[in-house]
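The values are calculated or read from the model by the stated rules, or taken from the named source; none is laboratory data. Given the structure is predicted, the values throughout are model-derived calculations rather than measurements. Here the Cβ is made from the backbone with ideal geometry for all residues, glycine too, and neighbour counts use every protein chain on show. Ligands, DNA and RNA are excluded from the accessible area calculation, which covers all protein heavy atoms including side chains. Shrake-Rupley method; radii C 1.70, N 1.55, O 1.52, S 1.80 Å.
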Amino acid sequence: MDNTLARLSQRDVELLAADPNPTNRQDAMLRVAELYSAEPLSQAERQIALSIVQTVLPEAELEIRRRLSETLKSTPHLDRDLARQLAEDVLDVATPILVHSVVLTDEDLVQVIQRCSIDHARVVAMRPTLNVAVTDALIRTDDEIVVVRVAANNNARISAGGFHHILDRFGDHARIAEAVSNRPALPLAIVERMATLVTGRTLERLIGRYAVPAHRVAMILHHSREHFLLQSIAGEPAEELRAFAQRLEDNRLLGPTLVMRAIAIGQFGFLLQALSIKANVPISNVRKLMADEGGRGQAELFEHCGLDPVYRPLFVDLAYAARNFPATRDGKAPPGWLELATPILRKRLQNSDADWSLEQIVTEALIEIEEERAAGSPGGPSSLRGSMWADKTGR
């Protein structure tokens, strides 16, 4: 085969296949790869060059494969199958292709993330630009290094769900929170959620960049603390939940927003204890009132608790919907509850963002109620059942 490789023919493939010397074969493959990468070959010549590479590649040593990958990493017309083969090789071989090759599709990259090692995913996260399908797959590896790289890359497109997953999993990770806060054009829903996770200059920067009013930040932080409080006691035994609820009541902290959040997120174990203490009735009575099929029991329970009437419509709607749901041992919402509660909460909102997490939906609903109370407005719309009960009782 001509050393200059100025032109390729099928005869070159045949000569290479007949050469018994592995070193000669591998050297020839690398020279062909250089030509394939740099020279304007015809379609037929590119196919011959590809045949030569594919003939030798299965027997090539690691260093040869690494050099091949380095040679081909920026080739715009690189055969996609060859690119995928190199991308799924050992890390030293895969890295140049995974970082630089433009022929790998989002589907190819997602398959590498899902099928290969976490080190391969970390390399994918180093690509200059990343589309949503790829960042979603990277974020869901739950690997700290991967997520830091994605969050810090302003050319990585991240979906609202991706942002929520980052904050769910790494909300208390300072470096990741800082990287997210530095990103341009964050969705407002993420900005407000970030406000509950960061402090100091990072919080100031978020407020300044996105013009979030200080009083709104204060309300969001208050509701975030209540959400964290409920999350921190999830799964505690009933006696511990009652003692905790009683301490809150003794310190005037068992307020309506905490009760409303407990029912909204389906933390019924704590809710039953809290309502029992607020209404000063046994747990068994609370269960009977909550389970009333006619709607009267839920409204009566609310009145006995002495909660601010502005929360009554939403409480009755949620309590009626929850009448057949049991408390769970782990403190989490029982299956099916969130799917039922979320539309009820969204119905209460004047404006609803599709990017909001459940925590944000609850917070927004409660903030709107508080703002209406401050403005002297009614408690907002309730469901037909809640309205009918109000008419029947005269309340």
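Helices in the chain, meaning DSSP H runs of at least 4 residues, each add -39500 (n - 2.57). Divided by all residues, the mean residue ellipticity at 222 nm is -20000 deg cm²/dmol. Exposure here means at most 15 other Cβ atoms within 10 Å; with GluC sites (Glu not before Pro) in a DSSP loop as sites, the longest stretch of the chain lacking them is 62-292. Charging the Cβ of each Asp and Glu at -1 and of each Lys and Arg at +1, and nothing else, the dipole of segment 34-150 about its Cα centre rounds to 200 debye.
Over the C-alpha trace of segment 25-176, radius of gyration and Dmax come out as 17.2, 56 angstrom.
P(r) tail, the chain: Cα-Cα pairs separated by more than 29 Å, 58% of all pairs. Principal-axis analysis of the Cα atoms of the chain puts helix 268-279 at an angle of about 20° to the longest axis.
Within segment 287-335, report the trypsin sites (Lys or Arg not before Pro) that DSSP leaves as loop and that have at most 12 other Cβ atoms within 10 Å. Let's see the in-between values first.
On the way: sites: Arg287, Lys288, Arg296, Arg323, Arg329, Lys332; in loops: Arg323, Arg329, Lys332.
Within segment 287-335, the qualifying trypsin sites (Lys or Arg not before Pro) (loop, at most 12 other Cβ atoms within 10 Å) are Arg329.
Charging the Cβ of each Asp and Glu at -1 and of each Lys and Arg at +1, and nothing else, the dipole of segment 32-88 about its Cα centre rounds to 160 debye.
For the chain, the per residue solvent-accessible surface stands at 48 Å², with DNA, RNA and ligands left out and a 1.4 Å probe. Note on the chain: dipole from Cβ charges, positive end direction compared against Val212, Ala374, Ala133; the farthest Cα belongs to Ala374.
Within the shell of other residues whose beta carbon sits under 15 angstrom from the beta carbon of Glu63, the net charge comes to -2, with Lys and Arg scored +1 and Asp and Glu -1.
So what's segment 210-285 giving for Rg/Rh, alpha carbon basis, Kirkwood Rh from the mean inverse pair distance? The partial results should precede the final answer.
Numbers: Rg = 13.7 Å, Rh = 13.1 Å.
That ratio equals 1.05.
Here the accessible area of the chain is 50 percent carbon and sulfur, with a 1.4 angstrom probe and all protein chains present.
Using Cβ point charges alone (K and R +1, D and E -1), the dipole size of segment 157-294 about the Cα centre works out to roughly 540 debye.
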